[in-house]
Amino acid sequence: MLRIDGLTKRYKTGDQALKNVSFEISGGQVVGLIGPSGAGKSTLIRCVNKLVEPTSGSISLNNREISSASGGELRRIRRRIGMIFQEYALVERLTVMENVLSGRLGYVPFWRSYLRRFPQADVDKAFMLLERVGLSTHADKRADALSGGQRQRVGIARALEQDPELLLVDEPTASLDPKTSRQIMRLILEICRERSLPAVINIHDVELARMFVDRIIGLRAGEIVFDAAPAKLDNAALTRIYGEEDWKHSASEEEDGDPTILVKHPDLQRLEAVV
Ligand SMILES: Nc1ncnc2c1ncn2[C@@H]1O[C@H](COP(=O)(O)OP(=O)(O)OP(=O)(O)O)[C@@H](O)[C@H]1O
């Protein structure tokens, strides 16, 4: 379980990025973090893996305190946090298998990773994960020979190779087409269910979040202004998160992310043809 309590972050520049943020996520739950640019989403994710030092508050993962951890303890906690990135963050000239195995770098001694001699159990696990993400026939390909969707699948397999207790996912679909985006979101959701893994997904695409995640947390100016099931994310809630906007208009006429919204029901089409 991820527990965040009273998290506040003020940067040296004076920017107050997070104000007294508290929430808990239990195993298997996937949370979509939404909010306008500058709301504090990236800062929150960076505080959880301690790339950013919180000003105050506490963060714990399965009862181990992250916010006060340092040295070996921090490394041990970090290797249990799988990261999935918008731009995949693969080593392009390495193979798919080598990229997946890099998820073990926090576990194996330096000489083993330098010589690329990973224990057989790690290699077996990597094959199993590649199978799970649908890339078993691509293990020996170079990462730069893959499509965007395939690269993100490698990113997911690499995160799982870490044996994570938490997934932090930063805009996983921002570089993908709408159909691939859905496939990737579906895969992340399925995997979190199978492994009882909690996940936080920083996501700009509200429709996609609504479609897939279990719970949405809306941040505005560093504060949580919405925390509920996607079904509760109505126009009033969107206005609370993003400010005034004609949500009805934009949902039906401007967004092109979800083709099913624009396609009329066949019965309606037939009716229109005869009248
Ligand atoms: N390294 C930094 N130094 C100073 N201020 C920062 C730093 N990183 C972020 N901020 C500020 O903190 C606030 C929150 O930024 P953050 O990047 O967390 O928002 P965000 O919701 O992730 O935005 P976006 O969706 O555009 O990525 C903003 O006011 C931003 O200018």
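The values are calculated or read from the model by the stated rules, or taken from the named source; none is laboratory data. In this text, all values refer to a predicted model and were calculated from it rather than measured experimentally. Positions of Cβ are generated from backbone atoms using ideal geometry, with glycine treated the same way; all protein chains shown enter the neighbour counts. Accessible surface is based on the protein model in full, side chains and every heavy atom, while ligands, DNA and RNA are left aside. Shrake-Rupley method; radii C 1.70, N 1.55, O 1.52, S 1.80 Å.
List of remarks:
- Residue satisfying all of: in region 217-235; open to solvent by 50 Å² or more (accessible area, probe 1.4 Å) and touching a helix residue (DSSP H, G or I) at 6+ places or on another chain (Cβ under 6 Å); farthest from the ligand (Cβ to nearest atom) among these: ASN235
- Selection status of LYS41, in contact with a strand residue (DSSP E or B) (Cβ under 6 Å, 6 or more places away or on another chain) and within 27 Å of GLY103 (Cα to Cα): yes
- Of all residues in region 2-37 being in a loop (DSSP other than H, G, I, E, B), touching a residue at least 40 places away in the same chain (Cβ under 8 Å) and within 14 Å of the ligand (Cβ to nearest atom), the one that is farthest from ALA228 (Cα to Cα): PRO36
- Residue count for region 115-136, restricted to those that are closer than 12 Å to GLN150 by Cα, hydrophobic (A, V, I, L, M, F, W, C) and free of Cβ contacts under 8 Å to residues at least 40 places away in the same chain: 2
- Listed by first and then second residue, the pairs with beta-carbon distance under 8 Å, at least 6 apart or on different chains, first residue in region 193-211 and open to solvent by 10 Å² or more (accessible area, probe 1.4 Å) and within 16 Å of the ligand (Cβ to nearest atom), second assigned to a strand (DSSP E or B) and not basic (Lys, Arg), are HIS204/ILE34; VAL206/ILE34.
- Residue in region 187-196 that is in contact with a Ser or Thr (Cβ under 6 Å, 6 or more places away or on another chain) and not assigned by the TED database to the domain that holds ILE4 present: no
- Scan region 68-85 for residues that are touching a Pro at 6+ places or on another chain (Cβ under 8 Å) and either β-branched (Val, Ile, Thr) or open to solvent by less than 20 Å² (accessible area, probe 1.4 Å) (or both) and the total you get is 3.
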